[in-house]
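Enquirer: Quick one: the structure is below, questions incoming.
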Amino acid sequence: MSIRKFLPILFALLVFVIVGCGGGGSKPQFVYETDWTNRTAVGQITGRSQRITFFDSTNSAAFTRVINNTFDGPMSFTYDINPGTYMIQVELFSELNASGTLTGLVKSYRSISGSSKFRTSVGSAIAGIGVTPTDSSFKVGSGRTYVAAGTTSDSRTTFIAPNSITWSQTGAVVSLDSSGAGSNAVIATGTALGSGSVRGTHSPSSLLGAATVAVTPTTTTRSKWTVMVYLNAASDLYTFAPLNFNQMESVAQNDDVRFVVQWKLSTDLYSDALFNGTRRYLVKPDTTNAIRSELIQDMGSNVDMGDYRTLQNFVGWAKANYPADRYCLVIWSHGNGWRRSTVPEPTRAVSFDDVTGSAIQIWELPAAIGSEKLDIVSWDASLMQMMEVAYELKDSAKFVTGSEESPPGEGLPYDLVFQRFRDNPDESSSNLTKAFVDGMLAVPGYALRKITQSSVDTTKLGALATAIDGLAAAMIANSADVNPILGTVRTQVQRYSPSGSRQYADIYDLAAKIKANTTNLAVQLACDEVQAKLLEAVVWNGNNTQSPRSFGLSIDFSTATGFAPAKPDYLNLQLAEDTRWDDWLSLVP
């Protein structure tokens, strides 16, 4: 008898020795069986290796295994696994050891409570499409992810090509978004009461699979405030996210001040993160260190928080499902002022997503927020309280709060800031923004850190822009008088996290230092006007002794050499359109 006939038996025994004996029988046994018999079938999806991954309820990989096609026949693998619902993903590769081209994909939700088996077949003809979960129910504004895989005529699961499913629905009860769900998956969000289905159509076979969905009512009523927190913790700041979330839970006792959070983490990048992917929460009161809030929607692991359209979607979703008299949007992430990320700090930008490598650009913010003005936009990010940024938001928000500095990683003390909202929700938006300033200055551990915080009235920014334009014009016209003093000014002025590619200076202090070092009357008068309009625009301002001479807004004060590479980006800003500050930066020695 040929030794080839004994290989399946020997391989199964080896698998049993390696993985079948762990766990002592205390967990359900899960059998994964794959059949390579048709691996060389012409016109079918084939490969030489598979990577099997079980994603648990946190979207983290419970385990991953790679298996190779050592013979053309069935193979079985037995695992001891904790009970629960898993999304099983099997990737088929053209070469051994999960290398070469990704040729096929299986995705399927399975609930495991006792011993069970999952069977796949390589190279088998596709007879149908299976969409899972097969049925589900959720509330308006909530939702879940659906996935698809091929099925064979004998009810095994088989591989389909990546990105080969087109999604649709019946019943008009959900909205579908496949952009952030990953290959052969879709995120369904409830939009109307009733029943329907989520359908996946396979290309090129036109086979169709469907899962039933029921959308039930929510009890959401209109509140006085909805605080929307865009918490992009897909970065090295991830360790601070649970702290801030717990702070929100500690002040969520007033139903008239609701917090809704879109929170991204990545266990792929940071293994000790709480979960993997992006989630939407309605914050609930709690004083423990645990996360006790209501999980509204698990959006999966493919949402790009560095895409302005993701922020746009979140703002629209929050306003539609948690309507309020007034809205506050907090953007939580790394920040880099108006500039995009640059070497040597490639991940420091507005809402930089370390998973996707993308970031929101300042000139994209108006589109992200929409045409209806929010009451407050607050930056829980570094270096964002600058004229270039606030001016971009003048038609999108009534007030902008943030820091000229790079604040501590712990960021805003949400409990201290939003106590005032909780206790006085009817107070004016202007007065409530003072809570951001007072809260940052009240944290004892921040006493020796560089702390600045201010609130800006965006209706006053037009006048400030006119004054800045006047100062730029005066300095261009009198460059012979001004240019020789700028080196001295640069050493004296209050700056924030200066680097080779980033030179941000406090506007008021910059005008003061220019005025003090020149005798040119036109330039001095222009400096006076800038200072006056700055003080009118800044409603509340605070700083500690670690960051003196901070008056609430910074501005780019690069040299012409430093500004040149960034100028094409700067020209996208509304401030460049409305002033000659960019013209002056192009000439600064």
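Enquirer: Could you compute the net charge surrounding Phe118? Neighbours are other residues with a C-beta less than 10 Å from the C-beta of Phe118; K and R count +1, D and E count -1.
Expert: Value of the local net charge: +3.
Enquirer: I'd like to know which of Phe77, Phe551, Thr239 lies farthest towards the positive end of the charge dipole of the chain, counting +1 on Cβ of Lys and Arg and -1 on Cβ of Asp and Glu.
Expert: Most positive-ward Cα: Phe77.
Enquirer: Could you state the angle between the C-alpha long axis of helix 308-321 and the longest principal axis of the C-alpha atoms of the chain, as a value from 0 to 90 degrees rounded to the nearest 10?
Expert: Relative to the chain, helix 308-321 is tipped by roughly 80 degrees.
Enquirer: Looking at region 153-197 from every direction and averaging, what is the projected area of its Cα convex hull in nm²?
Expert: On the way: hull surface 16.8 nm².
Reported value for the Cα convex hull: 4.2 nm².
Enquirer: Would you kindly compute the Cα radius of gyration of region 325-466 and its largest Cα-Cα separation (Dmax), both in Å?
Expert: So, for region 325-466, Rg and Dmax equal 14.9, 45 Å respectively.
Enquirer: Divide by every residue of the chain the summed helix terms, -39500 (n - 2.57) for each DSSP H run of at least 4, and state the resulting mean residue ellipticity at 222 nm, rounded to the nearest 500 deg cm²/dmol. Write out the running numbers ahead of the final one.
Expert: On the way: 17 runs with 140 residues, N = 589.
When only DSSP H runs of four or more count, the value is -6500 deg cm²/dmol.
Enquirer: Suppose we look only past 23 Å in the calculated P(r) of region 126-217. What percent of the Cα-Cα pairs does that tail hold?
Expert: 20 percent
Enquirer: Right, next: Mind sorting Thr157, Thr559 by how few other Cβ atoms lie within 10 Å of their own Cβ, fewest first?
Expert: Fewest to most other Cβ atoms nearby, the residues stand as Thr559, Thr157.
Enquirer: Please give the charge dipole size of region 223-455, origin at the Cα centre, charges +1 on K and R Cβ atoms and -1 on D and E Cβ atoms. Round to the nearest 20 debye.
Expert: So the magnitude is around 220 debye.
Enquirer: Kirkwood Rh over alpha-carbon pairs of region 463-585, then Stokes-Einstein at 4 °C and 1.567 mPa s: what D in µm² s⁻¹, rounded to an integer?
Expert: So the translational diffusion coefficient is about 88 µm²/s.
Enquirer: Can you list the aspartates and glutamates whose alpha carbon sits under 17 Å from that of Lys533, skipping same-chain ones fewer than 8 residues off?
Expert: Within the straight-line limit of under 17 Å, Lys533 reaches these aspartates and glutamates: Glu388, Asp457, Asp469, Asp506, Asp509, Asp578.
Enquirer: Given points 7 Å out from each Cα along the Cα-Cβ axis, report the Arg51 to Gln419 separation in nanometres with one decimal.
Expert: Distance between label points: 4.9 nm.
Enquirer: Where does the longest stretch of the chain lie that holds no GluC sites (Glu not before Pro) found in a DSSP loop with 15 or fewer other Cβ atoms within 10 Å?
Expert: Answer from the scan: 1-371.
Enquirer: By counting other Cβ atoms within 10 Å of each Cβ, how are Lys107, Lys434 ranked from fewest to most?
Expert: Arranged by neighbour count, lowest to highest, Lys107, Lys434 become Lys434, Lys107.
Enquirer: As I understand it, the dipole of the chain uses +1 on the Cβ of Lys and Arg and -1 on the Cβ of Asp and Glu, about the Cα centre. Which of Ala41, Leu525, Leu393 lies farthest toward its positive end?
Expert: Ala41
Enquirer: For region 223-455, what value does the Rg/Rh ratio take when both radii are computed over Cα atoms and Rh is the Kirkwood radius, given to two decimals?
Expert: The Rg/Rh ratio comes out at 0.92.
Enquirer: What whole-number distance in Å separates the alpha-carbon centres of region 351-418 and region 209-283?
Expert: What the calculation gives is 18 Å, centre to centre.
Enquirer: Could you state the orientation-averaged shadow area of the convex hull built on the Cα atoms of region 486-547, in nm² to one decimal?
Expert: It is 5.1 nm².
Enquirer: Still on this structure: Test of understanding: ordering Arg39, Arg422 by Cβ neighbours within 10 Å, fewest first, what list do you get? All intermediate terms of the calculation are to be shown ahead of the outcome.
Expert: Values: Arg39 19, Arg422 16.
Taking fewest neighbouring Cβ atoms as first place, the list is Arg422, Arg39.
Enquirer: Now a separate question. Net charge near Phe93: determine it from the other residues with C-beta under 12 Å of the C-beta of Phe93, scoring Lys and Arg +1 and Asp and Glu -1.
Expert: 0
Enquirer: Which residue, Val493, Ala560, Leu102, has the largest displacement toward the positive end of the dipole of the chain when charges sit on each Cβ (Lys, Arg +1; Asp, Glu -1)?
Expert: Farthest along the dipole direction, towards plus: Leu102.
Enquirer: Note down the magnitude of the dipole of the chain about its Cα centre, charges +1 on Lys and Arg C-beta and -1 on Asp and Glu C-beta and zero elsewhere, to the nearest 20 debye. Don't skip to the end; give the middle numbers.
Expert: Numbers: 47 positive and 54 negative charges, 318 e Å.
For this selection, approximately 1520 debye.
Enquirer: Just to be sure I understand: if I project the alpha-carbon convex hull of the chain onto a plane and average over all orientations, what area do I get in nm²? It would help to have the intermediate numbers written out before the result.
Expert: Numbers: hull surface 121.7 nm².
With the hull built on Cα positions only, its mean projection is 30.4 nm².
All of the numbers you see were taken from the coordinates with simple rules; none came from a lab. Only a predicted model underlies this, so the values are computations on that prediction, with no experimental measurement involved. We place every Cβ from the backbone using ideal geometry, glycine too, and count neighbours over all the protein chains shown.
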